[in-house]
Amino acid sequence: MIAGVTYGVAKKTLGEQAYEAIREEILSLRLHPGQTVYESDFTRMLNMSRTPVREAVRALAMERLIEVLPQRGMKIALISERQVEETRFVRESLELAVIRRVAEDVARDASVRARLEREMARSLQDQREAAEAGNALQFMHADDAFHQIFLQHFDNETLTAIVAQMRGHLNRVRMLSLFEPERMKRLVGEHERVAEAVLSGDADRSAEAMQHHLAKLMEDLPGIKARHPAFFGP
């Protein structure tokens, strides 16, 4: 296990279920950065005993999404610009390597191209529907699903788990950006360009489209931080 992420497909423990549920509340911003929370809040929310909740809190503290305050409960960690940039760098490095390999496989195998075309078309439609509805959380899940198409192409559980963990600090910034409807429409366009590049079988073009897409969040970060200063820390 790495910070609450378990490799393999074994049945999840109560601690892992608690970790995933609390993490979702944090990444969706239903629990705000800087918000004070208590163990009892989580036990009531999840209808679980203290033991799995404490296991989840330890994992989330290791992931720096929760800050434990001795004798004073805990608080949801503020968004760290440094951690956002560090995790973005790791995620970009991995996903660019992945997208190159996927494009190379598309160029070699028509059946791979056909499968990916179907999967990406479904994902893009899900994104358009979420954007049309102005549903930021639904869009973020559809966005994640689009990237999962490429990661799952290699059936590499370690890669998938690491990238999922890397998204933790990024997703809160992404959610803040998605409160602006035009941002969702722009992201759909970026994903369409990634899909077109992959289906062309051109590895360089695919990597360029993905890099442009992933870099946009950091370009938007100063404006997001200016609009939500209370959510950011050092």
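Observations
- Three principal axis lengths of the range 95-146 [C-alpha, angstrom, descending]: 38, 21, 10
- Residue order by solvent-accessible surface for Lys225, Lys216 is Lys225, Lys216, largest first, with ligands and nucleic acids left out and a 1.4 Å probe.
- With helices as the sole contributors, the chain gives -25000 deg cm²/dmol at 222 nm; each DSSP H run of n ≥ 4 counts as -39500 (n - 2.57), and the sum is divided by every residue.
- Radius 10 Å from Cβ of Gln138, net charge of other residues (Lys, Arg +1; Asp, Glu -1): -3
- Accessible surface ranking for Phe150, Phe179, Phe231, 1.4 angstrom probe, highest first: Phe179, Phe231, Phe150.
- DSSP-assigned coil residues among trypsin sites (Lys or Arg not before Pro) in the range 10-49, each with at most 10 further Cβ atoms within 10 Å: Lys11
- If R0 equals 30 Å, the separation of the Cβ atoms of Gln211 and Val112 corresponds to a calculated FRET efficiency of about 0.85.
- Cross-link partners for Lys185 among the lysines, with Cα-Cα distance under 30 Å and sequence neighbours closer than 8 places in the same chain left out: Lys216, Lys225.
- Taking the accessible area of the chain, probe 1.4 Å, and keeping the other protein chains in place, the carbon and sulfur fraction comes to 52%.
- FRET efficiency, Glu192 to Ala21 (Cβ-Cβ, R0 35 Å, nearest 0.05): 0.60
- Under 12 Å, Cβ to Cβ, from Thr43 - net charge with Lys/Arg +1 and Asp/Glu -1: +1
- For the chain, the solvent-accessible area with a 1.4 angstrom probe is 50 square angstrom per residue.
- Percentage relative contact order, the range 90-234, counting C-alpha pairs under 8 Å, at least six apart: 37
- Listed by chain and number, the lysines whose C-alpha is less than 28 Å from the C-alpha of Lys12, apart from same-chain residues fewer than 8 away, are Lys75.
The values are calculated or read from the model by the stated rules, or taken from the named source; none is laboratory data. Predicted, not measured: the structure shown is a model, and the values here were computed from it. All Cβ positions, even for glycine, are placed from backbone atoms using ideal geometry, and neighbour counts span all protein chains on display. With ligands, DNA and RNA removed, areas are computed over all heavy atoms of the protein, side chains included. Shrake-Rupley method; radii C 1.70, N 1.55, O 1.52, S 1.80 Å.
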